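Since the structure comes first, as structure tokens, the remarks are kept for the end.
The values are calculated or read from the model by the stated rules, or taken from the named source; none is laboratory data. The structure displayed is predicted, hence computed values, not measured ones. All Cβ positions, even for glycine, are placed from backbone atoms using ideal geometry, and neighbour counts span all protein chains on display. These accessible areas exclude ligands, DNA and RNA; they are computed on the full protein's heavy atoms, side chains included. Shrake-Rupley method; radii C 1.70, N 1.55, O 1.52, S 1.80 Å.
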Amino acid sequence: MNFDFSFAEQALFKDIQDRAKGYAEGKNLETQDLSQVKDALAILGKTPYLKLGLDTPKELGGISLMGAMEILATLSPSLYLSVEMSTRLFGGIVATWGSNEQKKRWLAPLMKGQSLGAVALSEDSLNVDNDPLKTTGTQDGDLLSITGNKTYVVNGPVADQVAVAGMMNGQVALFIIEQGTAGLAAGNPFITLGYEGAAISRISLNNCRISMDQVIGPFEDRNVLDTLRLWENQILLGASLGLMKAAFESARDYAKTHRSGGKPIIAYQEVAFKLSEMLTLLQTSQLFAYRTAWTLETSPKEAESLMWCAKVFCTEAAEKVSGYSLQILAGSGFISGNPSEIAYRCAKYGQIAGTSTEISRVKIGDAALGYR
Ligand SMILES: Cc1cc2nc3c(=O)[nH]c(=O)nc-3n(C[C@H](O)[C@H](O)[C@H](O)COP(=O)(O)OP(=O)(O)OC[C@H]3O[C@@H](n4cnc5c(N)ncnc54)[C@H](O)[C@@H]3O)c2cc1C
């Protein structure tokens, strides 16, 4: 296991950092502005970021993808979430299971930053990991008619196309529904605790008629859903690293400059110890996340349970680190819009989404007992 980044990777990270930072300059990416994600994608499309893990050689997947994710997630949690749910989740579906025609139609523009995707798994009153999906596709002449309701869809109101998970002839399939299709409607963006810059909504599908070449699958078993969770969990590892890094740096800089009793507050052990615990959690999370990303490439079977462990650890660490950061910034941290406050509000999401912390722990227990 070698976590050293090559010169090519370092150049890639610098390119992403410079372009994304340049785009973010003077903007508030944490507030709802539905045009921002598409503008940002056009900028990211000039770098290899949107291709990582989708069409680049193996050496640029794995830990270099994790490194790139960490950079964008540190800059803006909301932009990161919108971009990743489109690129690595929607894009991952088409890259992995799509036909050549489907790749040409949806993946090529996505990797150039010219289109935005979304993935709709969640439904009200069921748990995707444990219950059968209610959304269905039924044959209607040469077409397929899709009916169902999905919720919490990142990019729901702005996506050019949505991959909708549902049942077809008793098997799981992914239906690619393009914006403007009759019967597809997105709700207003939810008002959320964090990630307010990402447009998250319900979508309803009322007899949406699509052609058969818009279907990916059907799949023989539900493993496809496990794979989507695995990718989603990786996105959430990146999100957690970004939140921790932004929160740690903000608290460290503040502690060095803000004074109390004639000295910077970092001189007080209570503050310095908090910073040292934050750094320890950040660095441990980085090791865990990078090892998981490396294992995904080298030993996918082992990566599955490693991912649940890493997700539980990194997402809980993110909540702790952002909480300490806010405590160090105190009153100024409590004012809306600073990195500590943003990270604190976003951190909870990582424990809820993907494989939730509770379900991950159940699965880790099963793996430890040899049931997986
Ligand atoms: C900001 C945000 C963005 C999201 N983006 C998307 C998206 O783009 N696409 C999408 O499809 N979904 C998305 N989701 C949905 C997210 O994946 C779900 O919220 C998550 O899977 C949990 O499902 P749920 O909210 O229905 O809770 P439930 O599954 O109903 O769970 C409720 C509670 O019960 C626990 N629980 C449930 N079953 C078990 C079990 N078997 N063992 C132990 N504990 C259990 C859970 O851990 C949780 O604490 C998003 C959610 C949020 C908050």
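Only one of Gln32, Gln17 is under 28 Å from Pro157 (Cα atoms), touching a residue at least 24 places away in the same chain (Cβ under 8 Å) and not in a loop (DSSP other than H, G, I, E, B). Can you tell me which?
Values: Gln32 fails: not in a loop (DSSP other than H, G, I, E, B).
Checking each option against the conditions leaves just Gln17.
Please specify each residue of the range 327-347 satisfying the condition of being open to solvent by 30 Å² or more (accessible area, probe 1.4 Å) and either in contact (Cβ under 8 Å) with a residue 60 or more places away in the chain or part of a loop (DSSP other than H, G, I, E, B) (or both).
Listed by number, the residues that qualify are Ser332, Ile335, Ser336, Gly337, Pro339, Tyr344, Arg345.
Going through the range 1-33 one residue at a time, which ones are surrounded by fewer than 16 Cβ atoms within 10 Å (Cβ to Cβ) and either of a type in the set (Lys, Arg) or touching a Lys or Arg at 6+ places or on another chain (Cβ under 6 Å) (or both)?
Lys14, Lys21, Lys27
Among the residues of the range 237-267, what is the count of those that are under 27 Å from the mean Cα position of the chain (by Cα) and under 12 Å from Met278 (Cβ atoms)?
Looking only at that region, the number is 10.
Which condition does Gly92 not pass, out of (1) away from the ligand (no atom under 16 Å from the Cβ); (2) in a helix (DSSP H, G or I); (3) among the small types (Gly, Ala, Ser); (4) buried (at least 16 other Cβ atoms within 10 Å of the Cβ), if it passes all the others?
Answer for Gly92: the failing condition is (1).
How do the pairs read when you match residues in the range 96-119 that are closer than 14 Å to Ser86 by Cα and in a helix (DSSP H, G or I) with residues anywhere that are among the basic types (Lys, Arg) and open to solvent by 30 Å² or more (accessible area, probe 1.4 Å), using Cβ under 7 Å and keeping only pairs 6 or more apart or on different chains?
Met111/Lys51
Could you tell me which residue of the range 327-369 is nearest to Lys301 (Cα to Cα), considering only residues that are near the ligand (Cβ under 10 Å from one of its atoms) and touching a Gly at 6+ places or on another chain (Cβ under 9 Å)?
Ser360
Does Gly350 fit the bill of being touching a residue at least 24 places away in the same chain (Cβ under 8 Å), farther than 14 Å from Tyr254 by Cβ and not in a helix (DSSP H, G or I)? Can you show your working first?
On the way: touching a residue at least 24 places away in the same chain (Cβ under 8 Å): yes; farther than 14 Å from Tyr254 by Cβ: yes; not in a helix (DSSP H, G or I): no.
Taking the combined requirement at face value, the residue does not satisfy it.
So, of the residues in the range 313-326 that are open to solvent by less than 20 Å² (accessible area, probe 1.4 Å) and within 15 Å of the ligand (Cβ to nearest atom), which turns out to be farthest from the chain's Cα centre (by Cα)?
So the residue we want is Ala318.
Among Lys134, Lys103, which is under 24 Å from Ile235 (Cα atoms) and modelled with pLDDT of 95 or more?
It is Lys103.
Considering the range 121-170 alone, what residues qualify as being within 10 Å of the ligand (Cβ to nearest atom), on the phi < 0 side of the Ramachandran plot and surrounded by fewer than 16 Cβ atoms within 10 Å (Cβ to Cβ)?
Asp124, Leu126, Asn127, Asn130, Asp131
For the range 71-86, which residues satisfy the criterion of being more than 13 Å from the ligand (Cβ to nearest atom), open to solvent by less than 10 Å² (accessible area, probe 1.4 Å) and part of a helix (DSSP H, G or I)?
Leu72, Ala73
Can you list residue pairs whose Cβ atoms sit under 6 Å apart, with the first residue in the range 210-233 being touching a residue at least 12 places away in the same chain (Cβ under 8 Å) and the second being part of a helix (DSSP H, G or I) and of a type outside the set (S, T, N, Q)? Count only pairs 6 or more apart in sequence or on different chains.
Ile216/Trp97; Leu230/Met307; Trp231/Arg88; Trp231/Leu89; Trp231/Gly92; Asn233/Met307; Asn233/Lys311
Does Lys112 fit the bill of being at pLDDT 95 or above, open to solvent by 20 Å² or more (accessible area, probe 1.4 Å) and away from the ligand (no atom under 16 Å from the Cβ)?
For Lys112, the condition - at pLDDT 95 or above, open to solvent by 20 Å² or more (accessible area, probe 1.4 Å) and away from the ligand (no atom under 16 Å from the Cβ) - is met.
Could you tell me how many of the residues in the range 34-53 are in contact with a Gly (Cβ under 8 Å, 6 or more places away or on another chain) and surrounded by fewer than 16 Cβ atoms within 10 Å (Cβ to Cβ)?
Total satisfying the criteria: 2.
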